[in-house]
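S.K.: Let me begin by handing over the structure; questions about it come next.
What follows draws every value from the coordinates through simple rules; no lab data is involved. Not measured: the values here are computed from a predicted model. Reconstructed Cβ throughout: ideal geometry from the backbone, glycine too, with neighbour counts over all protein chains shown.
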Amino acid sequence: MEVAKVTDVTRVYKVGEVETHALNGVSLSIEAGEFTALVGPSGSGKTTLLQLLGCLDQPTSGKVFINGKDVTQLNRNQRADLRKGAIGFVFQFFALIPTLTAYENIEMPLLLLGKKPSERRQRVMELLDAVGMAERAHHRPDQLSGGEQQRVAVARALAPHPLMILADEPTANLDTDNGRQVMQIMQKLNQETKTTFIFATHDPRVIQYAQRVVTLRDGKIVDDGNGK
C-alpha cells in the first residue's frame, strides 16, 4: 500500500528578486512499512521534500498525496488535522515541551486527539517501555540526556498510531553511542509496528540502517533506491 507520493514536484523560494529552486520535478512513491533514508549534501532538497511529505509546506507545482489524498487541495487547517493523526515528527533538536515530563510529552498528541484518560495512559506506558524510558517517565527534558530526549521524541511521534514518522537529521545532536541506540530503537519499532519511517540525513551512521536510500542532488532525485 502506498502511504505517500509526490508527482513532478517543484519548490521555489523567492526572496526579493532571488529565486532558489529547492526541488526540480521530483517524483517519489513510499510504500507502507518502509524504513527509508533521504540522503544528499546540504542544499540537495532532502529537508524540503520531507517538509512537503509532512504537509508542513506546499509545493510550487506538482502534487503530494498522503494515503491516496491529494493534500495540495487542502487548506492550512485541513493539513493540520491530517498531520495530527497521520504523521509523526522527530526533529534534530528534540522539540520536547520543557515544562512537561517525558510521560506528559508523549501524552500530548493523544490529548489533542481527545483520547480517554485510560486509553492515553495505556498507550504512553506502552511506548515508554518500548523506547526504554519507563523509569524516566516523570523526568523533564532538562533532566534527560540528549539520547533520552530523542527516545521520548520517537515515542511521542508514535503515540497516535500514525501512518508514517518523518525524522529530520535525528542523530545530528547525538554522540555515536546514543545515535546508534536511537536508530536501533526506530528500526525495531518499524519492524514491530510496520509504521513507515522516512528520515533525512547525511550521517553514515543513519544511512547504514536504511532499507532504502533515496539520493538527492541539486533538487533532483538521482537514485530512488529501487534501481531507477
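S.K.: Here is a list of conditions, (1) farther than 29 Å from GLY147 by Cα; (2) not in a helix (DSSP H, G or I), and LEU56 meets all of them except one; can you say which number that is?
M.R.: (1)
S.K.: Now for a separate question. Quick one: which of ASP81, ASP8, ASP70 is without any contact (Cβ under 8 Å) to a residue 60 or more places away in the chain, touching a Ser or Thr at 6+ places or on another chain (Cβ under 6 Å), acidic (Asp, Glu) and over 17 Å from ILE198 (Cα atoms)?
M.R.: ASP8
S.K.: A further question follows. Taking the range 98-120 on its own, how many of its residues are surrounded by fewer than 19 Cβ atoms within 10 Å (Cβ to Cβ) and either in contact (Cβ under 8 Å) with a residue 24 or more places away in the chain or part of a helix (DSSP H, G or I) (or both)?
M.R.: Number satisfying all stated conditions: 11.
S.K.: Starting from residues that are touching a residue at least 40 places away in the same chain (Cβ under 8 Å) and assigned to a helix (DSSP H, G or I), keep the ones in the range 133-147 and report whichever is nearest to ARG180 (Cα to Cα).
M.R.: The residue in question is GLY146.
S.K.: Which pairs turn up if I take residues in the range 208-225 that are at positive phi and look for partners that are part of a strand (DSSP E or B) and surrounded by fewer than 18 Cβ atoms within 10 Å (Cβ to Cβ) with beta carbon separation below 6 Å, at least 6 apart in sequence or on another chain?
M.R.: Correct list of pairs: GLY219/HIS21; GLY219/ASN24; GLY225/ARG212; GLY225/VAL213.
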